[in-house]
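Written below as structure tokens is the structure these notes are about.
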Amino acid sequence: MFRSRNAESCLCALLTAFVMTGCSIGINVDTMLTPPKLSAQQEQIYQALKNSTGGDIRLKYPKRGAYLSAFIVADIDGDDEDEAIVFYEKNAISAADAGLRINLLDCIGGEWQSICDRSAGGSEIEKVVLSPLGDSDRMNVIVGYSTANQSEKNLCIYNYNNSYLEQSFPPNHTAMYYALFDVADTGSKHPDLILLGAASASEPTAYAAVYRLESDERYHEYKYSFKDSYTDFSQLIYGNLPDGSVALFVDAATGTSNTQTEVLSMEETRLANVLERCRRVTGEPFRAEDTVRRAGLPCMDIDDDGMPEIPVQNVFLGYEEAAESEQIRQTRWLMMDEPCIFAEYYSYYNAGDGYAFLLPESWVNHVSVVRDTAEGELRFVAYSGEWTDDMPVLMRIYIAYDDADCDEHLANGYALLHTKGTASCLVKAEEGQDLSLTIGKLLPCFRFL
């Protein structure tokens with residue numbers, strides 16, 4: 001949330017050292033980071049791995065997701081005993097041995113032994129998910145790979161059968177390229193595989209697809225092609241529509257600095273776009289283009305009611321004619337209540353400081369925001385149609401970065417609402433104005449992210 005200046009200085013010094021010594025900045029992260037200390041169990045697995053493959057190997061780590069270790073220990077064959085999956089590369093390699101590999105080990109008679117070693121589906125590991133799919137209890141090892149430069153991502157699903165980790169998806173071992181994937185219940189009451197595919201030279205249309213594993217062990221594909229040629233996706237989250245169906249909220253990249261949201265839902269035999277049947281409160285059709293906003297402003301369940309809201313932005317009162325660099329933006333959180341979509345909340349949202357303030361209903365269309373750079377605080381003021389020096393201040397927000405600064409503001413009537421690291425969020429409610437509210441009524445309007 002808050003960046004340390006010392007950390008920035010250290011990073012600059014590190015980069016300078018690389019430049020001065022002639023080292024390349026494009027070094028593989030795996031070679032720069034010191035591997036974490038292994039647990040006793042991991043040491044045993046690692047030794048068994050080296051006994052099988054030879055000692056000159058390098059462990060590889062998933063970049064994101066629930067499994068971030070090179071050692072994934074879990075019961076993947078349903079025998080109530082754990083197996084171990086390890087990703088690695090050989091250092092001294094021949095052409096035949098080149099590339100990322102997967103080794104499967106089992107604990108037999110109290111000793112870990114390698115029972116399967118196979119090539120992987122890429123150069124780097126993006127994400128690993130262990131999950132059943134459909135109504136089958138079989139555990140699936142779902143791995144998202146990428147090339148070394150991350151220009152392409154490829155997904156494979158493996159199953160442990162007859163002492164071998166065999167690929168079960170995609171069929172015929174064809175490449176299944178993706179931009180983002182997840183496993184979730186999309187309405188079948190069972191986990192489904194969800195893929196988001198970006199537009200590319202080989203796939204000119206961006207798409208979303210749900211793959212549902214049927215009882216005959218075949219995957220049924222439900223695919224929706226987006227009208228926009230999205231080149232990337234930043235997020236996929238879920239919520240329940242008023243009729244109880246599951247909605248997929250897809251945040252997609254448009255251009256280089258904007259995000260746009262699509263909302264999809266399974267409808268019997270197809271994956272449908274919910275926004276296409278939504279209308280504004282004025283009755284006009286709602287479009288995905290109406291959700292465009294700057295990148296870094298994701299959909300989220302801002303009120304914890306189980307249904308994500310879509311954030312869109314306009315300027316606060318009084319900034320309509322200001323230069324863009326001087327504008328302060330108001331975030332509106334859109335809610336779907338089919339067939340209508342409307343602004344459920346109006347807020348000031350600060351991703352850098354990690355909070356959103358939802359305007360009380362009495363403040364909507366009557367309050368604006370001013371940055372006081374001299375005092376380093378944000379002020380909410382009663383706005384009557386024009387800027388004046390004597391606009392009543394209703395609330396002040398200040399971020400303190402050390403104890404002395406925090407204590408000074410507390411002594412001046414500020415209340416401490418939240419801390420994270422060395423940063424403290426302090427608020428002061430001003431009394432005596434027509435729109436004044438007590439700190440007790442303002443506190444529930446804050447969301448710390």
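The values are calculated or read from the model by the stated rules, or taken from the named source; none is laboratory data. Only a predicted model underlies this, so the values are computations on that prediction, with no experimental measurement involved. All Cβ positions, even for glycine, are placed from backbone atoms using ideal geometry, and neighbour counts span all protein chains on display. Each accessible area value is taken on the protein alone, full model and side chains, heavy atoms only, with ligands, DNA and RNA left out. Shrake-Rupley method; radii C 1.70, N 1.55, O 1.52, S 1.80 Å.
Would you mind giving the average projected area, over all directions, of the Cα convex hull of region 331-449 in nm² with one decimal?
On the way: hull surface 34.3 nm².
For region 331-449, the mean projected area of the Cα convex hull comes to 8.6 nm².
On average, how much accessible surface per residue is there in the chain, in Å², for a 1.4 Å probe, leaving out ligands, DNA and RNA? Provide the component values of the computation, followed by the final result.
Values: 22870 Å² over 449 residues.
Averaged over the residues of the chain, the accessible area is 51 Å².
Hey, could you get me the Stokes-Einstein D for region 300-370, Kirkwood radius over alpha-carbon pairs, 10 °C and 1.306 mPa s, rounded to whole µm² s⁻¹?
Numbers: Rh = 13.1 Å.
Answer from the Stokes-Einstein relation: 121 µm²/s.
How would 293, 332 rank on accessible area, largest to smallest, probe 1.4 Å?
Working: 293 10, 332 65 Å².
The most accessible residue leads, giving 332, 293.
Compactness ratio of region 254-396: Cα Rg over 2.2 N^0.38 Å, N = residue count? Write down the numbers at each step before the final one.
On the way: Rg = 17.1 Å, N = 143, 2.2 N^0.38 = 14.5 Å.
With N residues counted in region 254-396, Rg over 2.2 N^0.38 Å equals 1.18.
Answer rounded, prolate or oblate for region 165-274, using the Cα gyration tensor with square roots of eigenvalues a ≥ b ≥ c: rounded when a/c is under 1.5, else prolate when a/b is larger than b/c, else oblate. Can you show the working numbers first?
Details: a/c = 2.01, a/b = 1.13, b/c = 1.78.
It comes out oblate by the Cα gyration axes.
Hey, in the GNM for the chain with a 10 angstrom Cα cutoff, which one of 66, 84, 374 fluctuates hardest?
It is 374.
May I ask which residue of 449, 424, 350 lies farthest towards the positive end of the charge dipole of region 316-449, with charges of +1 (Lys, Arg) and -1 (Asp, Glu) on Cβ and the Cα centre as origin?
Checking the options against the dipole of region 316-449, the answer is 449.
Over 19 Å apart: what share of the alpha carbon pairs of region 206-264 falls there, rounded to a whole percent?
Values: 714 of 1711 pairs.
Percent of Cα pairs beyond 19 Å in region 206-264: 42.
Highest mean first, what order results for 434-445, 388-399 on Cβ atoms within 10 Å?
Descending packing order for the listed peptides: 388-399, 434-445.
Residues with amide H under 5 Å of residue 152's amide H, sequence separation 5 or more or different chain, H placed in the peptide plane at 1.01 Å from N; which?
147
In whole Hz, what ³J(HN,Hα) sequence does region 112-125 give by Karplus (6.51, -1.76, 1.60; θ = phi - 60°), x for Gly and Pro?
After applying 6.51 cos²θ - 1.76 cosθ + 1.60, I find 6, 9, 6, 10, 7, 9, 8, 6, 9, x, x, 9, 10, 9 Hz.
Which whole-Hz ³J(HN,Hα) couplings does region 390-401 yield from phi under the Karplus relation 6.51 cos²θ - 1.76 cosθ + 1.60, θ = phi - 60°, glycine and proline marked x?
For region 390-401, the Karplus curve yields 10, 4, x, 8, 9, 7, 10, 10, 9, 10, 9, 10 Hz.
Take the Cα radius of gyration of the chain and divide it by 2.2 N^0.38 Å, with N its residue count; two decimals is plenty. Could you put the intermediate results ahead of the total?
Details: Rg = 26.4 Å, N = 449, 2.2 N^0.38 = 22.4 Å.
Ratio of Cα Rg to 2.2 N^0.38 Å: 1.18.
For the chain, modelled as a Gaussian network with Cα springs under 10 Å, which listed residue fluctuates most, 161, 240, 314?
Judging by the Gaussian network model, the answer is 161.
Using protein chains only and a probe of 1.4 angstrom, how many square angstrom of residue 127 are accessible, to the nearest 10?
Here the accessible area works out near 40 Å².
For region 132-138, take each phi angle, set θ = phi - 60°, evaluate the Karplus expression 6.51 cos²θ - 1.76 cosθ + 1.60, and give the result in whole Hz per residue in order, putting x for glycine and proline.
Ordered by residue, 3J(HN,Hα) equals x, 10, x, 8, 7, 7, 5 Hz.
Can you give me the long-range amide H partners of residue 169? Hydrogens built in the peptide plane at 1.01 Å from N, cutoff under 5 Å, separation of 5 or more residues or another chain.
Placed amide hydrogens put 157 under 5 Å from residue 169.
Any chance you could list the semi-axes, whole Å, largest first, of the equivalent ellipsoid that the Cα gyration tensor gives for region 125-178, using √(5λ)?
Numbers: eigenvalues 91, 28, 22 Å².
After diagonalising the Cα gyration tensor, the semi-axes are 21, 12, 10 Å.
Pull up all non-local amide H partners of residue 76: gap of 5 or more, or a different chain, and H-to-H distance under 5 Å with H placed in the peptide plane.
The list, which skips near neighbours in sequence, is 83.
Past the 27 Å Cα-Cα mark, which pairs from 189/420; 37/63; 63/227?
189/420; 63/227
Mean residue ellipticity at 222 nm from the helices of the chain, using -39,500 (n - 2.57) per DSSP H segment of n ≥ 4 over the full residue count, to the nearest 500 deg cm²/dmol?
On the way: 5 runs with 47 residues, N = 449.
Mean residue ellipticity, 222 nm, calculated: -3000 deg cm²/dmol.
Using a 1.4 Å probe and counting only protein heavy atoms, arrange 56, 251 so the residue with the most accessible area comes first.
Numbers: 56 80, 251 0 Å².
Sorted descending by solvent-accessible area, the residues read 56, 251.
Can you give me the span-like helices of the chain, meaning DSSP H runs with 15 Å or more of Cα extent along the axis and Kyte-Doolittle mean at or above 0.5? Working shown, then result.
Numbers: long enough: 5-20 (22 Å, 1.11); 40-53 (20 Å, -1.13).
The answer, listed by residue number, is 5-20.
Ignoring ligands, DNA and RNA, what percent of the accessible area of region 375-419 is carbon or sulfur (1.4 Å)? Present the calculation step by step, with values, prior to reporting the outcome.
On the way: 1080 of 2520 Å².
The value for region 375-419 is 43 percent carbon and sulfur by accessible area.
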